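For reference, the structure is listed below as structure tokens.
What follows draws every value from the coordinates through simple rules; no lab data is involved. Keep in mind the model is a prediction, meaning the values are calculated, not measured. Cβ coordinates were reconstructed from backbone atoms using ideal geometry, including for glycine residues, and neighbour counts include every protein chain displayed.
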Amino acid sequence: MIISDDDKNKRQKSARREFLADLPTSKHLDKEKSQNLEAKEVEFDKTYEKNIRPKTFDEYIGQSALKETLKITIEASKKRNIPLDHLLFYGPPGLGKTTLAGVIANEIGVNIKITSAPALERPRDIIGILMSLKGGEILFIDEIHRLNKVAEEILYPAMEDFFIDLTTGKSQSVKTMRVPVPKFTLIGATTKAGALSGPLRDRFGIIHRLEFYTIEELADVIKRSAKILNIKIDNEGAKEIASRSRATPRIANRLIKRTADYALVKYDGKITKIIAKEALDSLCIDNLGLDNTDRALLELIIKNYDGGPVGIETLSVALGEDIRTIEDVYEPYLLQKGLLARTNRGRRATKAAYKHLGIDYLEQNGQMGLF
Ligand code: ADE
């Protein structure tokens, strides 16, 4: 179908009218604001495990380079008496992006409002939350790469010059009105920094990647959580759980609870290396921290596709997992462990993956590699 320029103009105008009409007018903003905040905001301490979440930099284990950068930035902004620069954290899920945002708010002594991009679907969602902020407060937007274009465009002037454009009137007599918003700090979090639009990325003063945790760091996280939760654990037990936690504190904290249940029901409650091993084996979590899905993914590539390369779409259909889950949850750790490789023709299982699964590796030249 050929669309004339005239038609195109009409459609663009109508789309713009719809967009503007969807913005809350200053008249009904207060009502919208309170409804949105109730529905969409997630209060920091309520949703997350209140007690074990670190509140200060001293309590927060790991990410030491980032912590040092943040301490200096916070100190400087306090001395200058200005809000902290907007921050973007990226990296695989579970590494503590939200936790760190909470720590920053606590260290500065300001409130934090937490939301996520999929909850900011309509213009009024983002406008409502921006208008509700008080000076110096932190707005945390999770999965910020999923923000839609309209929400992004509302955010740009708010981030840069602390104002937003609101509309008044209806259809023909629609007018935009420039409204100031309090000076705030946006902390964005994403598992996919590459999926962020250039203009949005450029508006962050600090962009930082969160790193996977070492076994020692995770063992410290586990011992800290165990103390708070009144769980008895020795050093070796903590290390055993740490080594099976996919280098991720969120997983470590989950596994400590499962292991504590096991220790309590089957033994005297104290977690030792042997008990941790037994408990995690019973949950099908192996010595590298892989679960059934990780192993199924590698086995599929090896057994059905001769080790790859194979496209992510094919893997998604065969495993019954959506592409985003494979990319965001499973792949980062498998890549980090050198079990999976990404090529421009798809995913390939590495020699280390064959070894881990106990499958013979056929070298390119036809010789059998033995493990
Ligand atoms: N719990 C989850 N993440 C943590 C961290 N980085 N430090 C201490 N406890 C945690």
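Just a few scattered comments:
- Treating each Cα of the stretch 215-282 as one equal point scatterer and applying the Debye formula with no solvent, the log10 of I(q)/I(0) at q = 0.25 Å⁻¹ comes out as -1.02.
- Computed over neighbours whose Cβ is under 12 Å from that of Y267, the net charge equals 0, Lys and Arg +1, Asp and Glu -1.
- Rounded D (µm²/s) - the stretch 292-369, Kirkwood Rh over Cα pairs, Stokes-Einstein at 20 °C, 1.002 mPa s: 172 µm²/s
- Overall dimensions of the stretch 130-253 as given by Cα atoms, namely Rg and Dmax in Å: 21.4, 71
- The Cβ shell under 12 Å around R246 holds other residues with a net charge of 0, Lys and Arg each +1, Asp and Glu each -1.
- Dipole size of the stretch 194-243 about its Cα centre, with +1 on Lys/Arg Cβ and -1 on Asp/Glu Cβ: approximately 280 debye, rounded to the nearest 20.
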